[in-house]
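Here's the structure we're looking at; comments come further down.
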Amino acid sequence: MTPPPTLPRQAPSPEGGSGEPTPVEDRKHVVRRRWITAIIILLLIGVPAGYLAVSAQQSRQSGRDKASKVGAAKVRTAWPSKVQRSIYEVPIPVKASRVGYLETNNWHTSRLYVQFGVTPEELDTFLAEVGTSREDLTPGVSISPSDTATAGWHWGSKGSWYGTTLDAPDPRPTRDITVDLSHPGYPKVYVVSTAVP
């Protein structure tokens with residue numbers, strides 16, 4: 001008589017149990033585990049997302065700042081950099097007020113439009129530094145209509161305008177200077193410096 005076939009032993013469950021029921025986790029441990037899981041998810045997802053949001057905002061702001069400088073269509077209130085003042089040979093007095101500028105560039109010419117208010121003494125110093133004087137100024141505006149339009153300047157009929165043009169061989173810039181002496185105690189200076197690369 002043949003013995004009955006033996007059945008293979010059942011493999012243990014994937015949960016690692018040995019066939020015995022898994023002990024139930026108490027509520028305190030469940031809540032703690034869920035909090036730890038939520039914190040880990042927040043750190044893994046929330047922190048990088050927050051970093052990306054801050055980075056994108058900074059990038060947008062930087063782009064706006066650059067666009068405002070590059071896309072400026074009129075003279076805006078600000079000081080040109082020391083490098084710009086040096087390249088275009090426009091020595092703005094340190095205590096000048098209401099300083100504004102605009103720089104334009106193309107493949108043929110680069111221009112710096114500058115305006116500022118000074119005292120009579122500062123005006124004389126400025127004119128001496130650029131190689132001229134009040135005696136060399138002639139009545140009228142020395143800045144061309146096209147440059148006037150680009151800068152957004154308006155020469156009113158009530159102004160007392162005097163100007164001069166300082167030519168220089170390339171690569172030094174040519175400077176058109178106009179001074180408003182309507183208020184002798186507070187002259188206003190307008191300069192267009194044109195450089196040919």
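Assorted remarks:
- Residue tally, condition at pLDDT below 75 and either open to solvent by 100 Å² or more (accessible area, probe 1.4 Å) or under 14 Å from residue 114 (Cα atoms) (or both), over segment 59-74: 6
- Some residue of segment 169-177 being touching a helix residue (DSSP H, G or I) at 6+ places or on another chain (Cβ under 7 Å) and modelled with pLDDT under 95: no
- Of the residues making up segment 75-97, those that are of a type in the set (A, V, I, L, M, F, W, C) and surrounded by fewer than 18 Cβ atoms within 10 Å (Cβ to Cβ) are 78, 79, 83, 94.
The rows are residues; the columns are (1) farther than 23 Å from residue 144 by Cα; (2) modelled with pLDDT under 95.
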position: 52; (1), (2): yes, yes
position: 55; (1), (2): yes, yes
position: 81; (1), (2): yes, no
position: 103; (1), (2): no, no
position: 111; (1), (2): no, no
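- Test: residue 107 is within 24 Å of the chain's Cα centre (by Cα) and modelled with pLDDT under 95: yes
- Positions within segment 101-124 being surrounded by 13 or more Cβ atoms within 10 Å (Cβ to Cβ), assigned to a helix (DSSP H, G or I) and without any contact (Cβ under 8 Å) to a residue 40 or more places away in the chain, in sequence order: 122, 124
- Residue 174 among the β-branched types (Val, Ile, Thr) and open to solvent by 70 Å² or more (accessible area, probe 1.4 Å): no
- Positions within segment 125-159 being more than 21 Å from residue 97 (Cα to Cα), in a helix (DSSP H, G or I) and open to solvent by less than 40 Å² (accessible area, probe 1.4 Å), in sequence order: 147
The values are calculated or read from the model by the stated rules, or taken from the named source; none is laboratory data. Just so it is clear, the structure is predicted and the values come from calculations on it, not from any experiment. Positions of Cβ are backbone-derived with ideal geometry, glycine not excepted, and every protein chain shown enters the neighbour counts. The protein model used for the area step is the full one, side chains on, heavy atoms only, and it has no ligands, DNA or RNA in it. Shrake-Rupley method; radii C 1.70, N 1.55, O 1.52, S 1.80 Å.
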